[in-house]
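The values are calculated or read from the model by the stated rules, or taken from the named source; none is laboratory data. Predicted model only: the values in this text are computed from it and were never measured. Note: ideal-geometry Cβ built from the backbone for every residue, glycine included; neighbour counts use all protein chains shown.
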Amino acid sequence: MIAPRAGFGTNGVAARGHPAARFPSFANYLVAGRSLASWGRATREEIDVGDAFEGEVVVLSRRAESDGVVSLELGLPSGDPVPGWEPGAHIDLVLPDGLTRQYSLCGAVDNGKTWRVAVLREQEGRGGSQWIHDNARVGTTLLARGPRNHFPLLDAPRYLFVAGGIGITPLLPMISQVAASGAEWELHYGGRGRDSMAFLDELECHGDRVTVRPEDRHGMLDLATILARPAGDALVYCCGPAGLIDAVEERCRAWPAGSLHVERFTNVVTTSQDDAEFEVELRGSGVTVTVPPHLTILEAVENAGVPVLSSCTEGTCGTCETTVLEGEVDHRDVVLTDDERDANETMMICVSRARCGRLVLDL
C-alpha cells in the first residue's frame, strides 16, 4: 500500500491562498529591500506571505561534485544565519532570466550559516540548470525563497533509502540525521556511471550501509531484491528519475500503508478531453471566475487581477497550495499524499481542477 509524499514539507501559517503548513517560521530572517515584485508575480504588499524567508543570497563557494553536477554554498549577504530547516526541505531560486527552480537542501542541517544545493546540468531542460552551471560563481547574488518541506523525515526504527542520480540530494541530510540517531538504515544508490554520481566521497564513511550501483557496470538497481520483503518497522524514502520512482511504487504496493515516501522533480500534467468549464469563487476577494477547459485555475485567477504566489506551474513545488472551502477537487499534483487528497482541504491551483461545477477557495 502506498502513501507517497511527492513533489518539491509540512509545517507553518497560511499566507493568503497558501497554507503555511508548508513553511517554518522565519520572522527573524526577512530581508528588507526586496519585494515579491522581483519574482515576476505580485508584491509583498499584495500577498501576505507570512513569515517565509524571501530575499537575496550570495554564492560563497562552488564545487564540482561529479560529471554534470555542481554544488553551491549559499549565505546571506549580511553574514547572518540562514533560516533553519529539516531533512527533505528545498528552496526556490529565482534566476535573473526570470526562471524559478526548486533545489533540495543537501548540506548539514546544523550548519546555520549556509545552505547547500546541488544542480544537475539538464541539456533538455528549460534553461535553469544551464544558467547556474554557466553563470553562478562565487559572489553571484540570487533571489531565494523558503525553505519548504514536502518530504519530511518521519521517525522509524529502520530506513531504506533508494536514490537515482541527482535524487541523492534530499537523502543526504536524512542519512546524516538517521546515522546520528542510531537507527538502522541502508542506501541503494544508482546512476548512469560512477563519474556522474555526486557525493560518493561523503558516503564512503558509512561503509557497507551504502550500496553504489553504476548502471554501466552493474545494470539497474535490483529493486526486486531490495524491496522483496515488506517490513512493518521500516520506512522507504526514494528520490530520482520518474522511472525509478514508478518502479519503487509498484514494488511497495505489498508494503504496509505509509511505508513509502517519494519526491518527484517533475510531473506529467494530465489533461482530458472531458475537462469541463467550472466556476471558482474567491471568497476572500469577493470575485468569481470562470475556468474554461484550456485554462488553469491559476491562470484564471491571475487574469482576474487577484494576486497569488506560484512557481513551478507543474504541481511539484507546492507554492500555490490553496485552502478549499467548498467543492470537490480533481487533484493532479505530485505534492499531496493520498490522505491529503481525500481530505479535500487544499489544492494546487496550477494544475488541479474541479470535479464539480463550482469550487470556493480561500483567496
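List of remarks:
- Residue in the range 112-134 that is nearest to ALA198 (Cα to Cα), counting only those that are surrounded by 13 or more Cβ atoms within 10 Å (Cβ to Cβ) and among the polar types (S, T, N, Q): SER129
- When SER196 is tested against (1) of a type in the set (S, T, N, Q); (2) over 28 Å from THR337 (Cβ atoms); (3) touching a Pro at 6+ places or on another chain (Cβ under 6 Å), only condition (3) is not met.
- Matching residues, the range 109-155, being within 20 Å of the chain's Cα centre (by Cα), over 30 Å from ALA179 (Cα atoms) and among the small types (Gly, Ala, Ser): GLY125, GLY127, GLY128, SER129
- Those residues of the range 167-189 which are in a helix (DSSP H, G or I) and over 20 Å from ALA118 (Cβ atoms), in sequence order: ALA180, SER181
- Of all residues in the range 35-88, those satisfying the criterion of being in a loop (DSSP other than H, G, I, E, B), of a type in the set (Gly, Ala, Ser), modelled with pLDDT of 95 or more and surrounded by 19 or more Cβ atoms within 10 Å (Cβ to Cβ) are GLY68, GLY88.
- So THR169, is it under 30 Å from GLU54 (Cα atoms) and polar (S, T, N, Q): yes
- Criterion (surrounded by fewer than 24 Cβ atoms within 10 Å (Cβ to Cβ) and among the small types (Gly, Ala, Ser)) met by exactly one of ALA156, ALA163: ALA156
- Unmet requirement for PHE265, which otherwise passes all of (1) surrounded by fewer than 20 Cβ atoms within 10 Å (Cβ to Cβ); (2) assigned to a loop (DSSP other than H, G, I, E, B): (1)
- Subset of the range 183-233 [surrounded by 20 or more Cβ atoms within 10 Å (Cβ to Cβ) and over 15 Å from GLY165 (Cβ atoms)]: TRP185, LEU227
- Residue count for the range 313-363, restricted to those that are over 23 Å from SER285 (Cα atoms) and surrounded by 24 or more Cβ atoms within 10 Å (Cβ to Cβ): 7.
- Test for ARG251: is it of a type in the set (Lys, Arg) and surrounded by 17 or more Cβ atoms within 10 Å (Cβ to Cβ): yes
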